[in-house]
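Reading through the structure tokens given below for one structure.
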Amino acid sequence: MTIVLLVLAMIVLGLIVGFAAGLIWKDNRPIGVKGDYIAAVVTAVIVGLLDYYVIPAMGFSDTMRWLGVSTEPWLSALLVLWLVRYVKK
């Protein structure tokens, strides 16, 4: 049940980051609106799941797991969207 909620939260987070990318980089959507949303959602889900499984495997506590899951996916999604814009420039 926790994994389902985590994936749903990462999807919502990716959609929010995809929307925010349009506000941050106005008139610069090289892969389009749908592309921004898809890239942000895929990145957020992958990084969120990696954090959920890899951080405890490295020996860190549950607090570090949830800290990583709450911060790293949206930062990674923003980084990926920035890289897409940088490469397409």
Fill in the blank from the handout: With x for Gly and Pro, the residue-by-residue ³J(HN,Hα) of segment 79-89, computed from phi through the Karplus equation 6.51 cos²θ - 1.76 cosθ + 1.60 at θ = phi - 60° and given in whole Hz, is 4, 5, 5, 5, 4, 4, 5, 5, 6, 6, 6
Completion exercise
What helix-only [θ] at 222 nm does the chain give? Using -39500 (n - 2.57) per DSSP H run of at least 4, over all residues, to the nearest 500, the answer is -30500 deg cm²/dmol
Practice task
Sort all Cα-Cα distances of the chain into consecutive 5 angstrom bins from zero, then give the percent of pairs in each bin up to the one containing the longest distance.
Solution key: 3, 16, 26, 21, 14, 10, 7, 3, 0
Handout entry: Electrostatic dipole magnitude of the chain [Cβ: Lys, Arg +1; Asp, Glu -1; Cα centre; debye, to 20]
Key = 420 debye
Practice task
Enumerate the calculated ³J(HN,Hα) couplings along segment 2-7 in order (Karplus 6.51 cos²θ - 1.76 cosθ + 1.60, θ = phi - 60°), each rounded to whole Hz, writing x wherever the residue is Gly or Pro.
Solution key: 5, 5, 4, 5, 5, 5
Problem - Mean separation of Cα contacts under 8 Å (6+ apart) over length of the chain, as relative contact order % - result: 34 percent
Practice task
Calculate one ³J(HN,Hα) per residue across segment 41-51 by plugging θ = phi - 60° into the Karplus curve 6.51 cos²θ - 1.76 cosθ + 1.60, and present them in order as whole Hz with x for glycine and proline.
Solution key: 5, 4, 5, 4, 5, 5, 5, x, 5, 4, 4
Practice task
First select every other residue whose beta carbon is under 14 angstrom from the beta carbon of ILE3; then total the charges, Lys and Arg +1, Asp and Glu -1.
Solution key: 0
Problem - Cross-link reach list, lysines versus LYS34, counting only Cα pairs under 17 Å and skipping chain neighbours closer than eight places - result: LYS26, LYS88
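Values in this text are rule-based calculations from the coordinates and carry no lab data. Computed from a predicted structure; not experimentally measured. Please note: Cβ atoms are built from the backbone with ideal geometry, for glycine as well, and neighbour counts cover all protein chains shown.
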